[in-house]
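Note sheet for the following structure.
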Amino acid sequence: MGDGLRTIWIVTTDEILLAQTRTAATRLEEDDQGRSAAGDTIGGDALGGDAFGGDAFGGDALGGDALEGWEVREVDSIEQLTKQPPVAGDVILLDKWLRGENVYEVCRGLTGRTQSRIFIIAEHENEAALSIASFCGAGGIIHRPVTPSNLRDALDASPVPRPAWREDARAREAEREPAFPEKLLVEIATGRPDVSLVNALVDPQTSLFNFAFLNFKLDEEFKRAKRFGDSLSCVMLGFEGQADDDVLRELAGIILEGSRDTDVLGRFDESSFLFLLPRTAADGAGIMARRVGERAQERGLTDLVGDSLVISVGISCCPHPDIREREDLYRSAREAFVEARAAGGGVIACT
């Protein structure tokens, strides 16, 4: 970019979306240049220099310093973006329809690694997008199609100081602490639950996490365990047949009673659950799983036909020589669960 001011980095493979964004940014720049010219005419030397052309009437009051100098750069992969991280003042747009990527997972991964504002481009019908995006560290949502007005609204709603020239900013970037999204901090500080976020991430029958969030957390917890060399157990627990909502809620309560606040507990499908137990080896996971089975039996939980619930459990744990990816961790737990269920219940841990 010629003046080195600001860049909108858009991660997409959609040519139409890219064209919309380029057009929106160009019109923003033209609009701001027009405002800047108007500011110079009113606040320039002809009418008294600084007396009329400073902060009071010119400059920011008329928008001359607001959004000028934008360019749009296309990025077709996250790897390309992380090799040369954007600087403070830049903006990252993530296409919700990005093929082969979980855009929320990508957003969470970028948070703290860049001081750029991140927005997710989503469809109007996606009511949960804003809450999930905020949870993952995004500054907000921009709805399709991208227009000058909704692009400006998003940027104005998440303002940052005008960045330094690119050469200076890149040199200082490594010295800065990662920025945590201010909006997310405010929500944590108020302690007010975000109902739409809860609805998007929680299974309504059991109040445990749903499968979509489990998939996200599996990736996050596996990466954390691998980075720090910690143990991570994956537990699949379930029963044969079906159970009514009251039984499912009571079983979920038993699971919660035997867990720690750092454990990730979720419903996997109609009759099974998946747990991620950080810093827990297979023997510790086995103790927790057996306790759940014993208490379910003590309380006389039954399925829809009145038979006692027979709990089957499969456990996998890393680090393990056969577990190199998150899929390996899940697959090993699933295979052990199927084996335990075929044996009529009990706990089987991969060794």
Conditions (1) modelled with pLDDT of 75 or more; (2) more than 16 Å from I8 (Cβ to Cβ) -> F135 fails only (1)
Quick one: T262 ticks every box in (1) under 27 Å from the mean Cα position of the chain (by Cα); (2) surrounded by 14 or more Cβ atoms within 10 Å (Cβ to Cβ) bar one, so which box is it?
(2)
So the check is Cβ under 6 Å with 6+ separation or different chains; which pairs have a first residue in the stretch 203-226 that's more than 14 Å from C136 (Cβ to Cβ) and a second one that's small (G, A, S) and part of a helix (DSSP H, G or I)?
T206/A252; L208/A252
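Residues that are of a type outside the set (A, V, I, L, M, F, W, C) and closer than 21 Å to P204 by Cβ: does the stretch 220-238 have at least one? If you could, list the steps in order and put the result at the bottom.
Looking only at the stretch 220-238, we keep the residues that are of a type outside the set (A, V, I, L, M, F, W, C), and these are 220-221, 223-224, 226-227, 229-231, 233, 238.
When the remaining residues are screened for being closer than 21 Å to P204 by Cβ, the result is 238.
The answer is yes, given that some residue of the stretch 220-238 is of a type outside the set (A, V, I, L, M, F, W, C) and closer than 21 Å to P204 by Cβ.
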Take the residues of the stretch 219-265 that are of a type in the set (S, T, N, Q) and in a loop (DSSP other than H, G, I, E, B): which is nearest to C318 (Cα to Cα)?
S231
Members of the stretch 299-343 that are out of contact with any Ser or Thr (no Cβ under 8 Å at 6 or more places or on another chain) and within 18 Å of D244 (Cα to Cα):
R299, D303, L304, V305, G306, D307, V310, I311
Is the stretch 59-68 home to any residue that is surrounded by 19 or more Cβ atoms within 10 Å (Cβ to Cβ), of a type outside the set (D, E, K, R) and at pLDDT 50 or above?
no
Restricting the stretch 289-338 to residues that are in contact with a helix residue (DSSP H, G or I) (Cβ under 6 Å, 6 or more places away or on another chain) and among the β-branched types (V, I, T), which is surrounded by the fewest Cβ atoms within 10 Å (Cβ to Cβ)?
I323
How many residues of the stretch 120-138 are of a type outside the set (A, V, I, L, M) and surrounded by 23 or more Cβ atoms within 10 Å (Cβ to Cβ)? The answer is 1
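The values are calculated or read from the model by the stated rules, or taken from the named source; none is laboratory data. All figures in this text were calculated on a predicted structure; none of them were measured in a lab. We place every Cβ from the backbone using ideal geometry, glycine too, and count neighbours over all the protein chains shown.
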